[in-house]
Each structure stands twice: as structure tokens, then as C-alpha cells.
Amino acid sequence: MIPPEFDYAAPGTVSEALALLAEHGDEAKVLAGGQSLLPVLRMRLNAPGIVIDISRIEEIKGITESGDAVRIGAGATYQDVLDSALVSEHLGLLHKALTEVADAQIRHRGTVCGALVHADPAGDVGAPVLALDARMVIQGPDGERTVDASDFFVDLFETAVGEDELLTAVEIPKHTGWGAHYEKFVRVSHQWAIIGIAAAVRVEGGTIAEAKVGLTNMGSTPLRATSVEQALVGKEATEDAVAEACAQVGEGTDPPSDLNGQADYRKHVAGVLTRRAVVAAAGG
Amino acid sequence: MSDAATEQGRDRARVDAPLKVSGLAPYAYEHELEDPLFLVPVLSTVATGAITGIDAEAARAVPGVALVLTHENAPRLALPTIPTLAVLRKPRVRYRGEIVAAVVADSLETARYAASLVRVDYAAPPSGPDVRLDPEDPGVRPLRRVMGVYPGQHTVGDVDGELAGAAYRVEGHYATPVNHHNPIEPHSMVALWHADLGPLATVQPRSTRLTVWDSNQGVVAPQGVLAGAFGLLPTQVEVISPYVGGSFGTKGMPHPHVMVTAMAARKLPGRAVKVALTRPQMFAGTGYRPETRQRVALAADEQGRLRAVDHEVFAPVSRVIPWVDPTAGPSLSMYASPTRRVSYRAQHLDIGPGTFMRAPGEYTGMFALETAMDELAREMGMDPVELRLRNEPEADPESGRPWSSRHVATCLTEGARIFGLEQQQQPGGRREGEWLLGMGVASASFPQMGMGPSLARITFTGGRYVVSMQASDIGTGAWTVLAQIAAQALDVPQDQVEARIGTTDAPYAIIAGGSTGTFGWGSAVVEAAQAFRAEHGSDPAEGATTRARTRMPQGVRGVRRMAFGAHFAEVAVSEVSGEVRVRRLYGHFDGGRIMNPRTARSQLVGGMTMGLSGALFEESYRDPRFGHVVNADLAGYHVAAHADVVDIEVGWVGEPDPWMGATGAKGIGEVGIVGVPAAIGNAIFDATGLRLRELPFTPVKVLEAWESSGPAPAATVR
């Protein structure tokens, strides 16, 4: 339970942080809220030479409006996001998902961007961010670049963020007026999702006009259930009407098998939970 | 003159420490017997109902299974005096987790597997079980007496009048959760019913029929219970319990597994039957500290002198044993007040019964009373130590009897000085980064009961003295301290005396409970030593032996005896996560004469650690539908770990109490835990301005309190 020895730096600006990353390369790990990194260090699953603490960088704090999107800085904790009126109004799906993250203590420390970069497929943030077509703002030695969420998640614990780069914000297009629900399947409330379904729908006159569905822990990265989304369009927002569209959500996925459930079990449960999530999102 | 005259001279490491740390002290389960069998109990999965059938065919068919015990084939026993022990008698269930069957096999694995195959069918009663705590339930009843000795309703003077016209008045509702003891060593036992004794042996009063190696707080309890149930004389039941890996009250009285294991042994004579409960089984059927809901109102005059103490307690009780902790006990005796009211209400539920848990009643009641005293001090703008000093009673307020000794004032003032108690006029002003800092104080008390006399025997053999009695060392240091007391009384060096305890093959002694061991047993040891010298002189012959019993001073019933103390806490509260860290705890105690400063310190530090753990972490969640504890293991029920316990220190007055018998010692096993949660909660108020009235003080409770009280007292720096 005692981490290996490491150096520690707490830069005050993004450029200082980037300089440190450039200097230390793969010896460096970035610390934001520390809710994943600290356990990893304590269990000695990783032994970085230096930990770069970005929690004191003012310029990446805060949640702001950015045109048609809401911009969540890398310093924002889950609780900051939950408390944000912008998020409640425009990003109902993210709000719903974050209420299911771990427990209050962790939500007050951990950060949304930290969870995205950590890219644990069982984490609750990836699926809604992916479903809502977010854009990742990444800064590196060559300046700032933007990566679509669909290109961001590469593999288990691996993202498009390079060794010398920093995810400084996530920009999520507003989904004002969309219904949303995050259905988390878990044995103990504060645990990792066995699977999770993030669903947002826009209902017009009792019919689903648009749907967005993201999947947690149904593969090595968060997934987008595009075929379900398409099948839902034009359906009545009732349980019976959406059931068929949702049943095949597991098709083409490669979920893990572990003590909580085999892959085929996860595929089956995913269908049931997707139906529930979509119905709940549609206000059913 | 031995060096025991000074406290420093009485400092001695525990004689059993080398055995304990090297793993050589045999615990009950570790007694090696030839060809043992292993018992695994099957617990009910419903809270109430009739058993309509038990299908044990599959279990019996497993190779290696020697016996499947159910109500259908269990030996018929005399009805035990403890109702929980009436197991496997009738096809009915009284609480979730009651033992409904047991499997005995030649390996633990086989027994466990076969137990999983036992199928029990139940018929649920028409209405579901009553397992939900509800103070407004129509079945809630006032209690006339609590634990048989405390008044359930007690009123002196016009409490309501004083509260209405008071210069200062506070009132709060407090809640404490279910706690489980969780000693490291589980409840365990080996039972051997002796075979081939011959027909004469059965009528010989001293021939042992049943031997049990058990983990308990005193061999006399299982001996009496088993003898009564199996129709034996107590002398025919041998109980051996030399080392006990913690108890805290849960091993004071036998639990159902003791009965069931003895039944299995009865049916399998000549074979040792072993059982060790798993942690979830311990949560189900070995007692707990019941939850409480309390209301405390205090009234005070302009000078801070109390005019009224009003303490209401609501508690759930089991229908099997209506166990209620004497939670309002502290309000009867702690402070002077012209008016006083104590009342208890209870709700009967289909749950397993609670039992003694370290300072039963005092722990929960003092949390409410000492938090309310802090609220009053804040209300008045008075120093919390000063407020307590102004309400020191000259005699016991409840009985009017004089104190045998009472050094609360010294504990408060000396403790505050040593600790450096400094509270803020305005909470929330001290911070280190995100951490808000504060300090708090609370008093402690624990009654010194008379549990009846014990016997001790001193024998001179091989040039050494042996003191033997049925006493039990549950981790307290009795092995060490009883030998020390004997050495002092015999006036010989400590290493010339050894103790022999934890067996029925020794003179009768009371169980280790109610913080009575050291002074109760110790008095018998002193009496035996003095009688030994009078009888055998200073140069005794080999084998010289003398026995004597506890003797308390004439007139002891005319005084009130209590141990006291004061706790001081320094906490840091994170305004980010709501986490509470206890940075320092200091306790100053009135424990009479300290017999061994090292074991005494360990006892008090242990009690305070348990209080810290209860203040911050420990809570058993009872499922309101099914009645079982949901977090029934040490992953779900967090007990303070090293990282949670930073700096705990203790001091004491050290003044012998003339009314405690020959030792002059007060019991200190329980007073250390009393008041700790209040001191920590009061420190949280000093740090943050948040008044938390429900244990434990988890991050969520802190954050919720903050949310409902507006923004943090100081600007957020993040």
C-alpha cells in the first residue's frame, strides 16, 4: 500500500506541464484528481519516475459555454460538473451518468477529463461522452488539436493523447431538450460498471426523432451502438416499440468475461438494459 | 520491598506476547485432536416463518459427511435459559441467519460443500417480517426497566417547566447505527463427547463427559449452559479457553453455534467436532450493538448551571431476547441538575438480539449527551471544559450516594493542558489548504459493577507460585496482571509467579465483562496471597496451597463507583471530499490505581481506537425488507486501519480508589471508548461549524451537512 518513490511537480500553467512532459517522456504520469492513479501507485501497478500534478493549473479549470457546446476543463471534478447549471440544462446524459460514478467522496476529487484519459472501459464517463459526439481538446508541443471522441479511445487504457500531450478539455455539443438515461448494472453501487448503457433521445410527438446510445464495458473501449440508434429512429417511444431495436445491441461487440459475468451474459443483459435506458430516456 | 510500589516498577510486557506474536498461543480452533470432524452451520434465509421441509439427501450422500443435523434428528435438550440457544428444536425461524441445520464432515471443504446442498423450504407468515425500524410504529412501547437494573422511566422535578423558562436551552436528535464487534479471532469451538467411559462414569460427578475448547470471556458461561442443556453436572463439562483473540462483549454469553456443535459431538461420541464461524455468520448470529435514536434537551441558567437534563431513547429490540442497551445511563449520573428525565421506548422486531458491546449504553448515550453539552457551551459562548466543571455533582445525582472517588475535573483540566485544547470563537477559521482544523472535548464515564465474588488459589510448587482461577484474558493482559498482583501481595519478584487461567480446572471466577476483571479477580488474588502467607509463612513447603475469594470493603453499597475520563480530539475536515481525519486523540482517565501502565495504556488506546473507528466508519446496514446485514464482511464494514489512526496518547490520575477492594483499581476496559465520538464530532464543529448528530461521520454526511447549511464557511481555494 506504499507507492514506489517518485518525483513530484505541480506546474502552474499548461506550458509548464507540457515542458515537464517533454522532459520526462514515458517516465511521467499526470495527476488530476488521483482517484485512479493513486490506487495504481499504491498497488505498485505502475512506477513513474515523476508525477505531474495539474490540479493547480487555473487555465484548465471551470465549465464554460463554447458556442454550440459546453466546455469542461481538465480541472473540473465530477461534482463540479454535476453542480453546473450548463450541464444540467444541455447535457442531461452526462449529468445522469455522473450521478452513478463511485461515491460522493470520489466524485468530489476525481475529474471527468482524468477519467477519459485513464480510459478504463468500465468507467462511466466514456460512453456518454462518446454518444454525445464530444470533441477532445489536446495540447502538445505543437499547439492545440481537437480529436473526435470516436477517434479518441484506442484500446484498453489507451487514447489518442500522446506521451508529450495533455487533454486540457472536452467540448460536448449541447443536447438541449433531449431525454437521457444512464443504466448502470452493478452489484455494489460504488463499483465499476459490469455494463452500462448511456442513452439520449430526442422525441417529437411521441416518436423518436434521434437517438444516441453509448455502451460501457462491452469491449476494450467505450462503444457507440450505431445500428441501434438507426433502428430507433421513427419508433414510438414505448417499451414494446423499442424492444426489438434494442435487443441486438450486443451484436458485433466483444465484451469481457470475468467473475461478474461471461461475455454472452453481458450481451444478453445489454439488450435488456438498453431497452430500459431508451424507454427511461424517452420519458416512459 | 518489591519494586511494584511505583507505577514504573509495575510496567511489564505481556507474558503471553512471545507466544501470540510467534503464532504459538493455541486458539480454540487450533487445538489438535486426532481425526477431527468439521461442522458448518446452515443459516435461515428468511427472517420468520415455518420450516416446511429440509431436504438433506444430497448432503448426506456426499462422501465424508458424517452427520446432517436438523430439528428432526437433533438431541432433545432441556430448554436453555438463553432463548437464542433453543436451536434445532422446532421447525420455525425467529430471525434471519438463525441456524436451521448443520453439516459435519471429515474435512472443512466437504462440510462446506455439503452444507450448500441442504435445501430448506419455508412457509412465510401471512404478513412479512417486522424488520424495519420505525419510531412511529404503533407497536412501540415504553420500557419499565432496562437490563433489569436501570429505570426505563425516571423523572425528577419539573423538567418541562425548566426547559420552557430556561436562560439557555439546546435540543437535538441523535442517532447511532448497528455496530458489530468483529474480533479478529472468529467465534470457534472444538467439542469432544467422551466415549467408552463405562456405565459407572456416567454417574460419577467428576468424570468429564464433554470437553470443549472454546473462545469466550469466561469458561463458566459455556460450562453452565451446556451442562444444563445436556443434563450434566457442571463438573462433568470441561471448558478450556486459554487464549482469546478479542471479544469486546460478543463472547460473553454462548451463541447458537455452541449448542449445535455440542449436539453434533453428542451424536458422534469420541470424535472431536470443530467449528469456526465465518465473518458473515458472525454478523448474522453473535450479537451486536443495537442502533439508537435519541433526543437530548438541556436547560441551563445564566451561569451555565444545568437546570434540566432530558434524555429520550428509542431502540429496536429482538423478539427472541429484548436486549436494550442502557443508553440514557450517563444522563442519570454525569451532571448535577435539579430536574432530570430519562425515558426509553422500544420496538419489537424479528431480528437477532443485540448483546454487550464495549461500554453498552454508555457509548451511545454519551455521544448524545456530550454532543449536547458542546452545543450548550457554544450557545452560551462558554469554554466547554468550564461548562462541565460548573456541573460537577458532589454526589451521584441518581442515587444520592457519595462517589467512591471522582476525578472528572482533573481529567478535564489536566487533559486540556497536556493536549493543548484551543477552540475557535468562530468555527472554520483554521485551515491548511483544503483541510479545516478543529479541536473538541468530551467526558467519559463507566459504572463499576459488582459481578459477585471470584475465587483464586495460590500454590507453591517447584520454587514458584502459581495463581489459578477461571479468569479469561481476552487480550486485556489478565495473564500478566494477575501474576503481578499476586507477586505484589506475596512480596516476591514478578517472575516468581505465574498465572493459570482460562480453564474450568481452576477455582470459579466471574467472566471478563463489565470492566470488572482486574479489580474483581485481583481482590481474590490479594486475599488468597494474604491467606497463603498467614497459613504457610514466608517459606512454604512444596505443594502448599490456599484459596480465597473476592472481598469488597464493608459499606461498598453505600457509595457510587465509576471510572471517568476526558477525551480531546484534533481533526481535519476536507472541504473537497468531506473526509474527516483524526490527527490527534488524547484521553486522561480516572481509573483508580493503575496495575500495569503498559497493559493499561494498551487497553485505553484500544478503546479510543475503537471509538474513533465507530465515529468515522463502522455501520452495519440492516436490509429493511429481509432483516439481514448487507455489508456483512470486513470489506463492507470498515474497521479503522493503521492509516486512520495517527496519534493517540493517554494519561491518568492514578489515584487508588479505597472502595474498589484490595487493588484500588477501577476497570478501564470500557471507559476508553466512551465519549470518543462526541469529542471527534465536537472537533468537527470547531473545524467547520457543522453539527453532526448521526454516527458515523462519513464524507457523505459531512457533504450533505454542508450542502444544507449553505457554502463552506471560508471561500473555496480550489
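The values are calculated or read from the model by the stated rules, or taken from the named source; none is laboratory data. Remember, predicted model here, so these are calculated numbers, not experimental data. Every residue, glycine among them, receives a Cβ derived from its backbone with ideal geometry; neighbour counts consider all protein chains shown. All accessible areas refer to the heavy atoms of the entire protein, side chains included, with ligands and DNA or RNA removed. Shrake-Rupley method; radii C 1.70, N 1.55, O 1.52, S 1.80 Å.
For segment A:179-281, what class follows from the C-alpha gyration tensor (a ≥ b ≥ c being the square roots of its eigenvalues): rounded when a/c is under 1.5, otherwise prolate if a/b is larger than b/c, else oblate?
Numbers: a/c = 2.19, a/b = 1.78, b/c = 1.23.
Cα axes put segment A:179-281 in the prolate bin.
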Report the gain in length on full extension from B:Arg132 to B:Asp633: 0.36 nm times residue separation, minus Cα-Cα distance, nm rounded to one decimal.
178.2 nm
Could you please tell me the mean projected area of the C-alpha convex hull for segment A:58-173, averaged over all directions and given in square nanometres to one decimal?
6.7 nm²
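With every protein chain left in place, what is the accessible area per residue of segment A:179-281 in square angstrom, probe 1.4 Å? Don't skip to the answer; put the middle values down first.
Values: 4730 Å² over 103 residues.
It amounts to 46 Å² per residue over segment A:179-281.
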Once both label points are put 7 Å beyond Cα along the C-beta direction, the B:Ile184-A:Glu59 separation in nm becomes 5.4 nm
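Among all stretches of chain A without exposed GluC sites (Glu not before Pro) (DSSP loop, at most 12 other Cβ atoms within 10 Å), which one is longest? All intermediate terms of the calculation are to be shown ahead of the outcome.
Numbers: sites that count: A:Glu5, A:Glu163, A:Glu251.
It runs A:6-162.
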Based on the Cβ-Cβ distance from B:Ala544 to B:Asp106, what FRET efficiency comes out when R0 is 51 Å, to the nearest 0.05?
0.60
For the pair B:Asp35 and A:Phe6, what calculated FRET efficiency results from E = 1/(1 + (r/R0)^6), where r is the Cβ-Cβ distance and R0 = 41 Å, to the nearest 0.05?
0.15
If you rank A:Arg187, B:Arg141, B:Arg378 by how much accessible surface each has, with a 1.4 Å probe, what is the order from largest down?
A:Arg187, B:Arg141, B:Arg378
Count neighbours as other Cβ atoms within 10 Å of each site's Cβ, and list the GluC sites (Glu not before Pro) in segment B:430-501 that are DSSP loop with at most 10 such neighbours.
none
If amide H atoms are built 1.01 Å from N in the plane of the peptide, which residues on other chains or at least 5 residues away come under 5 Å of the amide H of A:Asp7?
A:Ile50, A:Val51
Could you compute the FRET efficiency for B:Lys90 and B:Asp623, with r as their C-beta to C-beta distance and R0 at 30 Å, rounded to 0.05?
0.75
Can you check how the C-alpha radius of gyration of segment B:264-408 compares to 2.2 N^0.38 Å, as a plain ratio?
1.42
Virtual spin-label span in nm between B:Ala5 and A:Asp264, 7 Å along Cα→Cβ:
8.5 nm
Counted charge near B:Pro507, where neighbours are those whose Cβ lies closer than 11 Å (Asp, Glu -1; Lys, Arg +1):
+3
Rounded to whole Hz, the Karplus (6.51, -1.76, 1.60) HN-Hα couplings of segment B:222-239, x for glycine and proline
x, 4, x, 5, 5, 4, x, 5, 9, x, 10, 7, x, 5, 8, 10, 9, 10
Going toward the positive end of the dipole of the protein assembly as shown, with +1 on Lys and Arg Cβ and -1 on Asp and Glu Cβ, which of B:Leu192, B:Val159, B:Leu37 do you reach last?
B:Leu192
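Taking the Cβ of B:Pro360 as the center, what net charge do the other residues with Cβ under 14 Å away carry, scoring Lys and Arg +1 and Asp and Glu -1?
Values: positive: B:Arg289, B:Arg358; negative: B:Glu291, B:Asp325, B:Glu362, B:Glu670.
Taking every Cβ under 14 Å from that of B:Pro360, the sum is -2.
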Taking the Cβ of B:His348 as the center, what net charge do the other residues with Cβ under 14 Å away carry, scoring Lys and Arg +1 and Asp and Glu -1?
+1
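Given a 1.4 Å probe and no ligands, DNA or RNA in the count, how much accessible surface is buried by B and A, both sides, to the nearest 100 Å²? Could you put the intermediate results ahead of the total?
Values: alone 27220 and 12940 Å², together 39430 Å².
For B against A, buried area totals roughly 700 Å².
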Among GluC sites (Glu not before Pro) in segment B:502-566, those in a DSSP loop whose Cβ has at most 16 other Cβ atoms within 10 Å are B:Glu542
Straight-line reach check, A:Lys29, cutoff 14 Å on alpha carbons, 8 or more apart in-chain or any other chain, hits among aspartates and glutamates -> A:Glu5, A:Asp7, A:Asp53, A:Glu158, A:Glu163, A:Asp164, A:Glu165
Counting only residues 5 or more apart in sequence or on a different chain, those whose built amide H sits under 5 Å from that of B:Thr503 are B:Ser241
Expected vector for segment B:360-374, Karplus 3J(HN,Hα) from phi with 6.51, -1.76, 1.60 and θ = phi - 60°, integer Hz, x for Gly and Pro, equals x, x, 4, 5, 6, x, 5, 4, 5, 4, 6, 6, 4, 4, 5
In terms of the alpha carbon gyration tensor, root eigenvalues a ≥ b ≥ c, rounded if a/c is under 1.5 and otherwise prolate when a/b exceeds b/c or oblate, segment A:7-53 is oblate
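Which of the residue pairs B:Lys90/B:Lys274; A:Lys96/A:Lys174; A:Lys96/A:Lys184; B:Lys251/B:Lys274 have a Cα-Cα distance greater than 19 Å in the structure shown?
Working: B:Lys90/B:Lys274 24 Å; A:Lys96/A:Lys174 15 Å; A:Lys96/A:Lys184 10 Å; B:Lys251/B:Lys274 17 Å.
Beyond 19 Å: B:Lys90/B:Lys274.
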Using the heavy atoms of the protein chains and a 1.4 angstrom probe, tell me the accessible area per residue for segment A:13-52 in square angstrom.
50 Å²
For B:Tyr508, solvent-accessible area (1.4 Å; no DNA, RNA or ligand), Å²:
100 Å²
Show the residues, 5+ positions off or on another chain, whose built amide H is closer than 5 Å to the amide H of A:Ser66.
A:Arg71
Can you pull the accessible area of B:Thr546 for me, 1.4 Å probe, Å² to the nearest 10?
10 Å²
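Once you have a ≥ b ≥ c as the square roots of the Cα gyration tensor eigenvalues for the protein assembly as shown, tell me rounded if a/c is under 1.5, and otherwise prolate or oblate according to whether a/b is larger than b/c. All intermediate terms of the calculation are to be shown ahead of the outcome.
Values: a/c = 1.98, a/b = 1.49, b/c = 1.33.
It comes out prolate by the Cα gyration axes.
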Mind listing the phi-derived Karplus ³J(HN,Hα) values for segment B:450-460, rounded to whole Hz, using 6.51, -1.76 and 1.60 with θ = phi - 60°, and x for any glycine or proline?
x, 9, x, x, 10, 10, 9, 10, 10, 10, 9
Taking Cα atoms, how many degrees apart are the long axis of helix A:263-281 and the longest axis of chain A, rounded to 10 and kept between 0 and 90?
70 degrees
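May I ask you to rank B:Arg388, B:Arg557 by accessible area, largest first, using a 1.4 Å probe over the protein chains only? Intermediate results must be reported in sequence, preceding the final value.
Values: B:Arg388 0, B:Arg557 205 Å².
Sorted descending by solvent-accessible area, the residues read B:Arg557, B:Arg388.
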